[in-house]
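First up is the structure itself, then whatever we jot down about it.
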Amino acid sequence: MRNIKQYLLIAIAFISLSITAQDTRDIQGGMWIPSLLEGMNEQEMQQLGSKMTAEDIYSVNNSSLKDAIAHFGGGCTSEIISPNGLLLTNHHCGFGVIQSHSSVEHDYLKDGFWAMSYEEELPNESLSATFIKRIDDVTSQVFEGITDEMDAASKMKLINQNIQKATKSVQKEDWQDANVKSFFKGNQYLLFVTEKFTDVRLVGAPPTSIGKFGADTDNWMWPRHTGDFSMFRVYADANNRPADFSKDNVPYKAEHYLPISLDGVEESDFTLVFGFPGRTNEYLPAVAVDQIVNVLNPAKIEVRDNALKIMDSYMRKDDATKIKYASKFASTANYWKKWIGENQGIHQTNAIAKKKELEAEFSKIVSEKDLVGYTTLLADFEKLYKEIESVSLARNYWMEVAYRNVEILGITFRAYQLEQAFLRGGEPAFERARTANLNRLKGTYKNYSATVDQPVFEKLVGLYAEKMPKDFLPESFNELDIKALSTVIYASSKFLSLEGAEELLSGTAEEVIKKMNADDAYVFGKDIHAIFYTKIEPKYQQLNMQIGAVQKEYMTALMKVFPNKRFPPDANSTLRVNYGMVQGYEPKDGIYYTNKTYLKGVMEKYVPGDYEFDVPQKLQDLYEAKDYGQYAENGKLPVNYLSTNHMTGGNSGSPIIDAHGNMIGLAFDTTWEGTMSDLYFDADIVRSISVDIRYVLFIIDKFAGAQNLIDEMTLVHPKK
């Protein structure tokens, strides 16, 4: 463990010497730390066609690409594309914000929105854009005082204390923040100095018939024809520093913004993705992947499948319900379909068998070299994953049913937390929790319908009763009549409306708790949530900590046993670089997908009046007239393209950058076959899907007529 840097240096040295002999397939994949690109990564990028240096991509002392990249809302990526703080991200990343400004009278989801001046841009509560200013290695500080004799809990406690010290002692400006993240399963720690801007205003968004064209049918699929983009602007105070919304704020002046290339892409062109990928787990053992694919994913898929069918049936009947549930439906459907594709990809690539082959080779080398400390790692994994399977399944059922998809149960969970806050911290803790809860409930009820939630409750609670491991079911489920219970709850509970919830939560702590415990929805939810808090989560965290300790040692062991292999760190929502190339692929025998789609394909999919495949009349007119302006390619308008970049959730909205540092596309999806890349990367079938930047410009210019936005950008022709 203490020699991990030595193993990394050996691996880097070996790969640097042999890189010219590698096939380009072998140097794709991996989400690399931008501050550590010199050497191996820089050479690999140049082998793929990049003309940039590591310093061009990440620099502390000079303007670099990193200064244009922002964490959007904490969940997506965005990029500055003008000197005036103009921010580009995906339509689905801005979807919730666009929805919040929409009504039946002013439906920006249906009609789109375009600000023709700064004054027309719309402010947003709780939306942020965070930039990375610096990345420091603090591994030695975090491991100070750690010994091999300490147990896992003691190590973790001291590590957390050391992280707090490192965060407090870092040199930064008063308006900047700092946070520490672990890498290589806890073997390395990096500190990120950040600037978080909280005045981010909506500038433009195409209608969903463009921004979400194909919707859930086409999600994760190729060929794709989606204009998945939206535009915002970052505002700062007079000193160009972060500030809450104020009419006196001015557009942010970033240290770097991305020029836009009009030259398009061709097969084998270099592509760089810069963004904030959420989470990958490429170094899990075979037993863990097997459990995910064959036990956990099927359970989650079944729950969401049932919830989606019910939501969809109501959304199709009523426009107001459709607006209310649009964002929730999209969010629920996204990972439902992703898990399905992930399972298919794991089976298609024989990933579990390949992991077992690696583990067999690992065991052989460990035995031959008598690496005593590593001999039991795989056996430890087998034992621990067998122990955790039941509780992991129970945790997933609680998360999917009680926390996420049955809204009344999610509301009672936050109420349960309020009661627990009082029991553990008295009146002060209760008041803090009540204020936070009431603020959150205002947003919850804005998009809530008891009419939709009741059939979801009946279906999913039925699944919960049937499929939840019996050790984790409350006694109240022994004689549960779900239909009768549902009738009572949805006729009487105060938690069905904001007014009712506010009434329940008014008064002293004792009064609130007494009123809540007389509410039928709360009483039922409390039984479920109490089991989660007292039985499921403690056991899960205990076993997960043990697994984490083994995984940490396994990561170190892999690097020592296989010094010539590449080991990119798993994604953890920190800033990363990934490089690849524009390339089609063969998903199945006899089928080959080309790397690009055109507006012609939009018209071929067009279904008048269909909420997934309708096409605005103006876009039809532009197509018929072939009025593409400067954005055409050989008389056709490019829409989407494929590249071999390795992405995951969080990369949505990431810029696709060419060999010279110009923006050529906007990442928004992965092909269905490639969704398994969170667990296992295969360059043959993993493909990211991006909006061709020329389609973005075409929609802004020719469709929306927002010339003011085009004029802000720097358009270039690097190939010419």
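In this simple spin-label model, placing a label point 7 Å from the Cα along the Cα-to-Cβ direction at both E387 and K446 gives a separation of 4.5 nm.
Computed FRET efficiency, Cβ-Cβ of A484 and A429, R0 25 Å: what is it to the nearest 0.05? Present the calculation step by step, with values, prior to reporting the outcome.
Details: r = 36 Å, r/R0 = 1.45.
Computed FRET efficiency for A484 and A429 comes out at 0.10.
If you plug the beta carbon distance of V523 and S497 into 1/(1 + (r/R0)^6) with R0 = 25 Å, you get a FRET efficiency near 0.85. When both bridge partners sit in the chain, DSSP labels roughly 95% of those beta bridges antiparallel. If a paramagnetic tag sat 7 Å from the Cα of T508 along the Cα-Cβ line, which residues of the range 404-438 would have the backbone N under 16 Å from that point? So the set is 422-423, 426-431.
Taking a ≥ b ≥ c as the square roots of the eigenvalues of the Cα gyration tensor, the range 140-291 is classed as oblate, since a/c reaches at least 1.5 and a/b does not exceed b/c. Averaged over residues, the count of other Cβ atoms within 10 Å places the peptides 255-263, 226-234 in the sequence 226-234, 255-263, highest first.
Here the simple spin-label model places points 7 Å from the Cα toward Cβ, and for E475 and S63 these points are separated by 7.0 nm. Highest mean packing comes first when the peptides 658-664, 241-247 are listed by Cβ atoms within 10 Å, giving 658-664, 241-247.
Relative to the present Cα-Cα distance, how much length would full extension add between V104 and T167 at 0.36 nm per residue of separation? Fully extending the segment from V104 to T167 adds 18.0 nm.
Viscosity 1.002 mPa s, temperature 20 °C: what is the translational diffusion coefficient of the range 278-400 from Stokes-Einstein with a Kirkwood Rh over Cα pairs, rounded to a whole number of µm²/s?
Working: Rh = 17.1 Å.
Diffusion coefficient, whole number: 125 µm²/s.
Applying 0.36 nm per residue to the separation of E38 and R25 and subtracting their alpha-carbon distance, the gain on full extension is 2.6 nm. Quote the FRET efficiency, to the nearest 0.05, computed for E149 versus Q46 with a Förster distance R0 of 56 Å and r equal to the Cβ-Cβ distance. According to the calculation, E is roughly 0.75.
Could you sort 503-509, 521-527, 66-72 so that the peptide with the highest average Cβ count within 10 Å comes first and the rest follow in order? Before the final figure, lay out each step's value.
Numbers: 503-509: 15.1, 521-527: 21.3, 66-72: 25.4.
Order by mean packing, descending: 66-72, 521-527, 503-509.
Computed on the Cα atoms alone, the convex hull of the range 286-560 gives a volume of 149 cubic angstrom per residue.
Percent of C-alpha pairs per 20 Å bin in the chain, short distances first: 16, 49, 32, 2. Look at where the Cα atoms of the range 486-541 and of the range 84-159 average out, and the two centres are 31 Å apart.
Site pair D244 and N708 shows an inter-label distance of 2.7 nm when each label is modelled 7 Å from Cα along Cα→Cβ.
The numbers here are math on the coordinates, done by the rules we state, and not lab data. Worth saying up front: this structure is predicted, and the values here are computed from it rather than measured. Note: ideal-geometry Cβ built from the backbone for every residue, glycine included; neighbour counts use all protein chains shown.
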